[in-house]
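Chemist: Questions regarding the structure given below will be posed in turn.
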Amino acid sequence: MTSNVSRWALLSLMLLLVPLGAWADWGALNMPQGVTEISNEVYTLHMRIFYICCAIGAAVFGVMIYSMFVHRKSKGVKPATFHESTTVEIVWTVVPLIILIVMAIPAARVLIKMEDFSDSEMSIKVTGYQWRWHYEYMDSGVSFFSQLEPTHNQARQMGSDIDLQSTFVPEAGNYQGEGEIYLKEVDNELVVPVGKKIRFLHTAADVIHSWWVPDLAVKKDAIPGFINENWALIEEPGIYRGKCAELCGRDHGFMPVVVRAVSQEEYDSWIAEKQSAMASVTEQSERQWAHQELVSVGEKVYQANCMSCHQAEGQGIPGMFPAIAGSEVATGSIDLHVDTVMNGIEGSMMSKFSDVLSDADIAAVITYQRNAFGNSTGDTLQPAHIKSLRDGLDISAPASVAALPDMNTTTGVN
Ligand code: HEC
Ligand SMILES: [Cu+2]
């Protein structure tokens, strides 16, 4: 009998040791601790509740296993026949109640703290679009779109089994550890200062999205017509990655978020740079552009915004996305082309780009489409024309850094 018990004990011990081999990877499975006070509190709370659950699990299963083992039928144990024990009923009501209260108090405390938006020092409005984020710094007037880095977008379109090493060649200077950050990189990062309480205002322009950055313990639904709030005070400079956590459509997996936390001085100079870039975007809408300049900017705009559907050579995908090469719209009346790009096509995947692209970007991409992929209209569309259309409609142009040839930092494929 005793040897039987020790054999059982040995077997259970061995089974218990098996998962320890995987212990090294535990950090990858667990919730990240993050870099804000709140994220640390959320983490501590999560671990505390987790340990309580482990203790309850061990106690309950311990009693069950012990009872099944010691009082088993083969030993000739007869079942007890008692009914309705008031003591037992009181104990199993009161004990869980106490456990729940012990868990609810710290949980409520953290939740209340997370919902406290007082004393925030700056506000950023985050708007979800299919499939990009728009950031608006409410205090400094800076705003821009942020979307999946175009080289990554291009690589992913090659199929599921692409060889990243060949797509991002180190010598070509376009490999920046892409294996690690593949599909987690954006063209324009959200730059924020450390040590400041930042209030985020979340909304969406089309469908429900969700802005999620685990290291900051922020995750909020972005719902059209509603504004949800959230805040973070980042203590450590660094790059924090996240993504849209909502099933928001066909490309919902390709809406990464990149937050770069920098010192106040770095932030100030970044904001100043963005402000002057935005001022020159307005200038860019008004000046006369050379044909070749529009074509080369247009190519970048095309790669970043249109290529995922209309494809690299403008060949489209038959039955889904029309070809631009030889398209009647891209070779016929320019007014229809402008209307298609600015207002989209109702009820189709072709969305309205007047919300997303600057005057110069729109003029450039249209000029490009009319003079690329074998299309040879020779047309030149000036940004000023788009601006006048927009002024007529009384809608202001969104700023885009992609409109400035020298500001475009996309490497590699361009
Ligand atoms: C999400 C996919 C998608 C993206 C991104 C996209 N389009 Fe389209 N586009 C479509 C679809 C679908 C149509 C056809 C719509 C219809 O006719 O119902 C279309 C039609 C067009 C047409 C008319 C083509 C023809 O011959 O009928 C033009 C021009 C066009 N798109 C330009 C652009 C430009 C410029 C961009 C980038 C700024 C862009 N598209 C981005 C999906 C897309
Ligand atoms: Cu989304």
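Please treat every number below as a calculation from the coordinates, not as lab data. The structure presented is a predicted model; accordingly, all values stated were derived computationally and were not measured. Please note: Cβ atoms are built from the backbone with ideal geometry, for glycine as well, and neighbour counts cover all protein chains shown.
Chemist: Using only alpha carbon pairs under 8 Å that are at least six residues apart, calculate the relative contact order of the range 122-268 and give it in whole percent.
Modeler: 27
Chemist: Okay, moving on. Of the listed peptides 102-109, 72-79, what is their order by residue-averaged count of other C-beta atoms within 10 Å, with the highest listed first?
Modeler: 102-109, 72-79
Chemist: Of the peptides 47-58, 185-196, 205-216, how do they stack up when ordered by the mean number of other Cβ atoms within 10 Å, highest first?
Modeler: 205-216, 185-196, 47-58
Chemist: With the cut-off at 1.5 for a/c, could you classify the range 122-268 from its C-alpha gyration tensor as rounded, prolate or oblate?
Modeler: Since a/c reaches 1.5 but b/c is at least a/b, the shape of the range 122-268 is classed as oblate.
Chemist: Counting residues in the range 278-407 as N, plug N into 2.2 N^0.38 Å and put the Cα Rg over that result.
Modeler: The reported ratio for this selection is 0.97.
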